[in-house]
Amino acid sequence: MRTSNHLIGFLNFLTFLLSIPILGGGIWLSSRANNTDCLKFLQWPIIIIGISIMVVSLAGFAGACYRNTFLMYLYLWAMFFIIAALIGFVIFAYAVTDKGSGQPVLNRAYLDYDIHDYSGSWLADRVTSRSYWSRIASCVRDSHACRRMGREFGGVPESAEMFYRRKLSPIESGCCKPPTSCGFSYINETVWSPAGGFVGTGIDCARWNNDQDQLCYSCDSCKAGVLASLKKSWRKVSVINIVILIILVIVYVVACAAFRHNKRMDNDESYGETRMEKTQPSRIHF
């Protein structure tokens, strides 16, 4: 019986440790939302799940140490709902980020991003809505992602050939430069001019502005870049969540088995004492 309690206590300590990377992933997404991705509501479910696992694990650990049946029942039921919530969250994260990818460009190391690749998804509809995008564009501008693109060598901006070999982030490619199809000539990372007065026919070509406060923040390519950045961030966290989810399920199954074994031992003890009195009655009768 002590062995079962020790096992349950160890498993709860293990789930407590597993809650740390989940909570860390939520905090990392929160920092990304504040600094780069600029979508500030998707990280909260995973933060809440991480905190819930941490609290429930402590309750289960205390229940195992003090043999508190109520706390153990609470732990098992709460962990069941947490695992179900984490499964739902992982499915949701993959469902809302399943569309879209960068488009390769000839003689360029970076990718271009097209909003039509993301059309039809719930996340794209939310990001591209007029009221929501105004806040996201302001956040992208305030993150200074485009300003950090600048590179100089001896006080001279890097050449076009060097820039074309750079692997830009989705936001740098979508928001800080015009789409390649526009045919603009490179001056520096965030200043471009029409090649011979020619401007492409795409709607984003007319939206591009060399004003450093405007650039392509109103472009569809910028919206696509934000969506691509979100997809990249969420896929990284989802991989960690899937691994932790598998471990949590294994831990939960073992904890249920240990808890049932603990209860069986308690029941067998009382039943065994009664059975001994019946099968081997005392020869002295009162």
Next item on the list: Using per-residue counts of other Cβ atoms within 10 Å, averaged over each peptide, order 131-140, 52-61 from highest down.
Entry: 52-61, 131-140
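How big is the Rg/Rh ratio for the range 113-177, C-alpha atoms only, Rh by Kirkwood, two decimals? Provide the component values of the computation, followed by the final result.
On the way: Rg = 15.0 Å, Rh = 13.9 Å.
Ratio of gyration radius to Kirkwood radius for the range 113-177: 1.08.
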Next item on the list: Over all alpha-carbon pairs in the range 102-259, figure out the percentage whose distance exceeds 26 Å.
Entry: 36
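Which value, in Å to one decimal place, does the Kirkwood hydrodynamic radius take for the range 150-234 when every pair of different Cα atoms is included?
Values: mean 1/r = 0.0749 Å⁻¹.
13.4 Å is the Kirkwood radius here.
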Next item on the list: Kindly report the accessible area of the range 91-130 per residue (heavy atoms of protein chains, probe 1.4 Å, no ligands, DNA or RNA), in Å².
Entry: 59
Next item on the list: Round to the nearest 10 and report in Å² the accessible area of K232, as given by a 1.4 Å probe over the protein chains' heavy atoms.
Entry: 110
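The values are calculated or read from the model by the stated rules, or taken from the named source; none is laboratory data. All figures in this text were calculated on a predicted structure; none of them were measured in a lab. Glycine also receives a Cβ, built like all others from the backbone with ideal geometry; neighbour counts cover every protein chain displayed. For accessibility, only protein heavy atoms count, side chains too; no ligands or nucleic acids. Shrake-Rupley method; radii C 1.70, N 1.55, O 1.52, S 1.80 Å.
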